[in-house]
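The values are calculated or read from the model by the stated rules, or taken from the named source; none is laboratory data. Since we're looking at a predicted model, the values are computed, not measured. Backbone-built Cβ (ideal geometry, glycine too); neighbour counts: all protein chains shown.
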Amino acid sequence: MGYHNTSHPEFLDDASEHRAKSRAKYNDISKQEFAPDRVTSDLFPSLWKPQTVQYPYERLEDMEPWLFVPGNYNGRIGVIWETCTACKMCVNICPNDCLHMTTELRVDVLDNAEGEYEGYGAELEVGGYAAKFREEVTEELESFDLITAHSAPPSEWRFAQVLDLSGSTATVRWNDSGQEEVLAQSELRTADDQIVSGRIDIGRCMFCGLCMEACGFTSFFMTNEYDGMSGFTRQDLWFDASRTRVLPSVHQEAVDGELAKRATKERDKRAKKAAKAAKPEVEVAKPAPVVEEKVEVNAEPVDDKPLAKEEKKEAELQRIKERSKNIDFDVLGTATAEEKDDLKTIKGVGPFIEEKLNALGIYTFSQISKMTSELEDQVNEAIEFFPGRVKRDEWANQAKDLLDKGDA
């Protein structure tokens, strides 16, 4: 049939025909009846009131399959977290503060490798995490459509903490049930709770694409998907890592490339280590010592010995102490060593980091809980810690939780 009413249209279903007939009196003077989503005619503009597709219960592509969304449309953000390095270029450039970097418990791409790259991942450790593949979700994952689901896909891994390793078996405690179980180590994969991840507030996003342009690792994509960017509550618009996956083909290609890069690097590293261990040590005969006549010179002795470990540590703490004048203690508040809390309770703070914080003048949970975003960066730099680690580990939020629990 002709398009745009060049001839009488044929209705595709009884429901459409019924809806059109019920509104026939609103049609134009030609008395022609049109599909409910058409409002024009050759003779005269239609007076019929257009009907809205009841999204998400009805989708335009289902009703009119010939329609499609252009490939260059900026829709749902897709992220390949396996290639992300947490450089935060996307976070810094986002004008609406939509992006937030976090960490999550996940199986690393190298730890789940098969074929030629298998065996180059991390090994199971007591106190660490392990994961077991959930066979029961395989069929559901194959049919799961992230575009239209409006929810995260079912988790393909079941996570547990490793309690003991004995021979070829491992004793684990499942995170979801708290029950302990003994399994063959071959059934488990190594997991880590410090793998880079993030959350995106789609409700604040204006789909400008700046995050994609700023990413130096091609981890960000603007997909042409409009589905999934709506929800019935405000919380539904917070997308965690599982809801920001890109199209499977694009995602798998990038992950395979990252896997090959990491596996090759680890393989070369192990080969060098093995070659070094196998290299025989050749003893070289030492020449006879030459006795030289000592001549006393009236000059002050110069100590060329390198600084001892403790001296280096003291020098570093002194250097950090001098930076305390750059920290705004009007915001943090002041404290003394007598009021000191056990800062090692905070995840990411070890014994030496605690000493550094004390040298900077930070002794209590209360001080850390008052850190603003700017102060987090200043403290991070002052104690010479890994860039962005204070923010990523959320020290301020951890300190607030400890204060609420009364651990201070």
Would you say Val162 is surrounded by 13 or more Cβ atoms within 10 Å (Cβ to Cβ) and β-branched (Val, Ile, Thr)?
yes
Residue hits (segment 152-170; part of a loop (DSSP other than H, G, I, E, B) and touching a Ser or Thr at 6+ places or on another chain (Cβ under 9 Å)) are Ala152, Pro153, Ser155, Glu156, Ser168
Out of segment 69-95, which residues are farther than 25 Å from Gln398 by Cβ, at pLDDT 90 or above and either assigned to a loop (DSSP other than H, G, I, E, B) or charged (D, E, K, R) (or both)?
Pro95
Give all pairs with beta carbons closer than 6 Å in which a residue from segment 177-196 that is more than 29 Å from Ile80 (Cα to Cα) meets a residue that is of a type in the set (D, E, K, R); count only pairs at least 6 apart in sequence or on separate chains.
Glu180/Arg173
When the residues of segment 348-389 are filtered to those that are part of a helix (DSSP H, G or I), among the β-branched types (Val, Ile, Thr) and free of Cβ contacts under 8 Å to residues at least 40 places away in the same chain, which remaining residue is nearest to Ala315 (Cα to Cα)?
Ile353
Conditions (1) at pLDDT below 70; (2) exposed (fewer than 11 other Cβ atoms within 10 Å of the Cβ) -> Leu247 fails only (2)
What pairs come out if I take residues in segment 143-155 that are at positive phi and pair them with residues that are part of a loop (DSSP other than H, G, I, E, B) and of a type in the set (Gly, Ala, Ser) whose C-beta lies under 8 Å away, six or more apart or interchain?
His150/Gly228; His150/Ser230; His150/Gly231
Within segment 110-120, is even one residue at pLDDT 85 or above and either in the same structural domain as Arg199 (by TED's automatic domain parsing) or farther than 30 Å from Arg270 by Cβ (or both)?
no
I'd like the residue in segment 308-339 that is part of a loop (DSSP other than H, G, I, E, B) and in contact (Cβ under 8 Å) with a residue 40 or more places away in the chain and, out of all such residues, is nearest to Leu360 (Cα to Cα).
Ile327
So, in segment 96-137, how many residues would count as being part of a loop (DSSP other than H, G, I, E, B) and among the charged types (D, E, K, R)?
8
